[in-house]
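The values are calculated or read from the model by the stated rules, or taken from the named source; none is laboratory data. None of these values were measured; they are calculated from a predicted model. No Cβ is skipped: glycine too gets one built from the backbone with ideal geometry, and neighbour counts run over all protein chains shown. Calculation scope for accessible area: heavy atoms of the full protein, side chains included, ligands and nucleic acids excluded. Shrake-Rupley method; radii C 1.70, N 1.55, O 1.52, S 1.80 Å.
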Amino acid sequence: MTIYRHFAVSLTLLSLPLVFLANPATAQSKNGKQACSQPQPAQLCNTNNTCGSAFSPCVVDVKRTGDGASSTPSSPGGKSNALFCVATGTKVTWKSTAKNIGFVVDTGETSPFEPAGAIIGGSDRAVTVVAKTPGCYKYSAGACMSGAIYGMCKETNAELIVVGGK
């Protein structure tokens, strides 16, 4: 039974990036428009939604919620699935504080992070990447409960802005 559960979780986590690539992200700025569709999205960044610094990492908590999934940055005004900003060179740690959760974060074809590619982690495995490429990025975050049956994985879409260093 343990082997079957491990296989089911692994298969689910490996298939989530394909689902995310097929769904467009829909994060929105305060005025209800997508931040990345704004002419100068970096102007949406402020002290309340800027996460991390050169001295401390930005921590993003990915969870499976009752009716979906959420990604919440550790910024002062950090809210679930809200736009957040990081400066280039900032370490971003993706983790889940919820018990028995696995997650996949995918920015699509272009990744602002190094190493590039899908970020796959879970309750027992935080993943740290470094913001390298300035710009506005849409991402999908999916979360699954360990040993989940069909329908126990959910996803959310959000946006983040990587601003150039000063």
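Has region 17-31 got any residue that is modelled with pLDDT of 95 or more, open to solvent by less than 60 Å² (accessible area, probe 1.4 Å) and closer than 19 Å to Gly108 by Cβ? Within region 17-31, none of the residues are modelled with pLDDT of 95 or more, open to solvent by less than 60 Å² (accessible area, probe 1.4 Å) and closer than 19 Å to Gly108 by Cβ.
So that you can scan it fast, the table gives a plain yes or no per residue for (1) open to solvent by less than 30 Å² (accessible area, probe 1.4 Å); (2) of a type outside the set (A, V, I, L, M); (3) within 18 Å of Asp106 (Cβ to Cβ):
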residue	(1), (2), (3)
Thr47	no, yes, no
Cys51	yes, yes, no
Pro57	no, yes, no
Val60	yes, no, yes
Lys63	no, yes, yes
Thr72	no, yes, yes
Asn81	no, yes, yes
Phe84	yes, yes, yes
Lys91	no, yes, no
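Report yes if Val104 is under 15 Å from Tyr139 (Cβ atoms), part of a strand (DSSP E or B) and either open to solvent by less than 30 Å² (accessible area, probe 1.4 Å) or of a type outside the set (S, T, N, Q) (or both), otherwise no. Here the answer is yes, as Val104 does meet what is asked. Considering region 111-124, and only residues there that are free of Cβ contacts under 8 Å to residues at least 12 places away in the same chain and open to solvent by 60 Å² or more (accessible area, probe 1.4 Å), the residue that is nearest to Lys95 (Cα to Cα) turns out to be Asp124.
Which residues, taken from region 77-101, are in contact with a strand residue (DSSP E or B) (Cβ under 8 Å, 6 or more places away or on another chain), in a loop (DSSP other than H, G, I, E, B) and farther than 13 Å from Tyr139 by Cα? Of everything in region 77-101, those that are in contact with a strand residue (DSSP E or B) (Cβ under 8 Å, 6 or more places away or on another chain), in a loop (DSSP other than H, G, I, E, B) and farther than 13 Å from Tyr139 by Cα turn out to be Gly78, Lys79, Ser80, Thr88, Gly89, Thr90, Ser96, Thr97, Ala98, Asn100.
Table: residues versus (1) within 10 Å of the chain's Cα centre (by Cα); (2) of a type in the set (Ser, Thr, Tyr).
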| site | (1), (2) |
| --- | --- |
| Ser74 | no, yes |
| Ile101 | no, no |
| Gly121 | no, no |
| Ser140 | yes, yes |
